[in-house]
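The values are calculated or read from the model by the stated rules, or taken from the named source; none is laboratory data. All figures in this text were calculated on a predicted structure; none of them were measured in a lab. Cβ atoms come from the backbone with ideal geometry, glycine included; neighbour counts cover every protein chain shown. To get the accessible areas, we keep the full protein, side chains included, count just its heavy atoms, and leave off ligands, DNA and RNA. Shrake-Rupley method; radii C 1.70, N 1.55, O 1.52, S 1.80 Å.
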Amino acid sequence: MKPLFHVARTPVHLQPLFFLTALATGWDFAAEPGRLAMWLPVVFVSVLLHELAHAWALRRFGSPASITLHELGGTTRGSDRLTHRQSAWVSLAGPAASLLVGGLAWWASDLASPGGQPGLGGALLQQLLWANLGWGLFNLLPVRPLDGGDFVASLVRHRAGYRHERGLQVLGVLTAVALVMGAIVTRTVWMGVLALMLGFSNGRRLLQRQREARLKPITPPRRPLAREGSTEGAIPLDALLGRKPAAAKTPEPGPEHARASPRTVASDEDVPHDAGSVGQLLLDSGLADLAVRPLQESFTREPSPRAAHALALALLEAGRTAELESLLSGPQAPLVSDETLAAVDARAHVLGHATLTDRVTALRRGRAPKSDERG
């Protein structure tokens, strides 16, 4: 979809549902059509300034930016190569701009009508105050995809990697439930509607993560070590470093080799898949960047749906979406299960990767006729 217009070289897309939400937030002005008509452009400008602050922060970190205004307010998309600390600053830029504009509107409204009834200009300043102050504070709530939720997620990932994603989604669901209760008590319709949408989004991701957890590859059990001189079950140093093992010389047959028991001779089939095990261990520890290489080696050696699932998760967590798109477009794409595609689609939608979402959609459509024929 082509952008509707550009602001400071930033493309801006606009969805019609944006104005429906803006109308709902200004329903208190329904008795005064003039103020309601003024409220819509005030919300439009306020949300746009909020998103432009995100875009400015992204450009400061060398990332492109694009803005979409939709039913939840707005989204600013940039590069996935930012560090977690940079992402945290980007998340705070929008609420900071809204609070700044709200503070200026408050100061100007006091100057325009000190202690008296505000005129048209004073009413405009009051609407700017409430739109920016309210939107800025609302966005600081710790529920994704609001800026407060993204900020908390970036801080947690900066300190502990991706090990607490489920906790972040639980926090989002609880915050949304609290918002719904607050909307019921205060009889604020727009807040209740937004809270329900946020709760549904976080709840769906939480259920999806639980399904992903059941698909994680199972680490092969360690074999018991022999009493003397056995290296079964050990992870070679080359596998830990992601290097190919050096070719070993074949020992000449001798009396000791002839007397060896079949149980103590390790064949290639007995050796556990060390690269996959190491990759899964690194992924579970929040080290997705280090996990990609051994998981790629494991998937290349023994392609399977479980290996594809682990590799896809690692590429997502590491932000290597170009390689993930190559996986979904290559000859091994049929090995990527529907559950893995659902996980990729959910994460790509959150991160705003339209190309990745389109690739997943194309794969699903290509599989639909086959599933219909089976049954």
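Kindly list the number of the only condition in (1) without any contact (Cβ under 8 Å) to a residue 60 or more places away in the chain; (2) closer than 23 Å to residue 54 by Cα; (3) of a type in the set (A, V, I, L, M, F, W, C); (4) open to solvent by less than 50 Å² (accessible area, probe 1.4 Å) that fails for residue 100.
(4)
Can you confirm whether segment 27-47 contains a residue that is surrounded by fewer than 19 Cβ atoms within 10 Å (Cβ to Cβ) and either under 22 Å from the mean Cα position of the chain (by Cα) or in a strand (DSSP E or B) (or both)?
Among the residues of segment 27-47, not one is surrounded by fewer than 19 Cβ atoms within 10 Å (Cβ to Cβ) and either under 22 Å from the mean Cα position of the chain (by Cα) or in a strand (DSSP E or B) (or both), which makes the answer no.
Spot the failing condition for residue 186; the list is (1) under 18 Å from residue 27 (Cβ atoms); (2) of a type outside the set (D, E, K, R); (3) in contact with an Asp or Glu (Cβ under 8 Å, 6 or more places away or on another chain), and only one is missed.
(3)
Would you mind telling me which numbered condition in (1) open to solvent by 40 Å² or more (accessible area, probe 1.4 Å); (2) touching a residue at least 60 places away in the same chain (Cβ under 8 Å); (3) closer than 23 Å to residue 69 by Cβ residue 162 fails?
Unmet condition: (3).
Being within 30 Å of residue 308 (Cβ to Cβ) and at pLDDT below 80 is the filter here, so list the residues in segment 168-200 that pass it.
Those that are within 30 Å of residue 308 (Cβ to Cβ) and at pLDDT below 80: none in segment 168-200.
If you scan segment 165-186, which residues turn out to be among the hydrophobic types (A, V, I, L, M, F, W, C), open to solvent by 60 Å² or more (accessible area, probe 1.4 Å) and within 14 Å of the chain's Cα centre (by Cα)?
The answer is none; no residue qualifies.
Look through 315, 327, 311 and report the one residue that is buried (at least 16 other Cβ atoms within 10 Å of the Cβ), in contact with a Phe, Trp or Tyr (Cβ under 7 Å, 6 or more places away or on another chain), at pLDDT 85 or above and part of a helix (DSSP H, G or I).
Answer to the check: 311.
Is it the case that residue 88 is open to solvent by less than 50 Å² (accessible area, probe 1.4 Å), at pLDDT 80 or above and farther than 29 Å from residue 197 by Cα?
No: the conditions fail for residue 88.
Which residues, counting only those in segment 176-207, are under 18 Å from residue 140 (Cα atoms) and among the aromatic types (Phe, Trp, Tyr)?
The answer is 190, and nothing else.
Is it fair to say residue 109 is buried (at least 16 other Cβ atoms within 10 Å of the Cβ) and over 28 Å from residue 68 (Cβ atoms)?
In short, yes.
Considering only residues that are touching a residue at least 24 places away in the same chain (Cβ under 8 Å) and either under 23 Å from residue 20 (Cβ atoms) or in contact with an Asp or Glu (Cβ under 6 Å, 6 or more places away or on another chain) (or both), which ones fall in segment 165-183?
If the condition is that a residue be touching a residue at least 24 places away in the same chain (Cβ under 8 Å) and either under 23 Å from residue 20 (Cβ atoms) or in contact with an Asp or Glu (Cβ under 6 Å, 6 or more places away or on another chain) (or both), then 176, 179 are the ones that fit.
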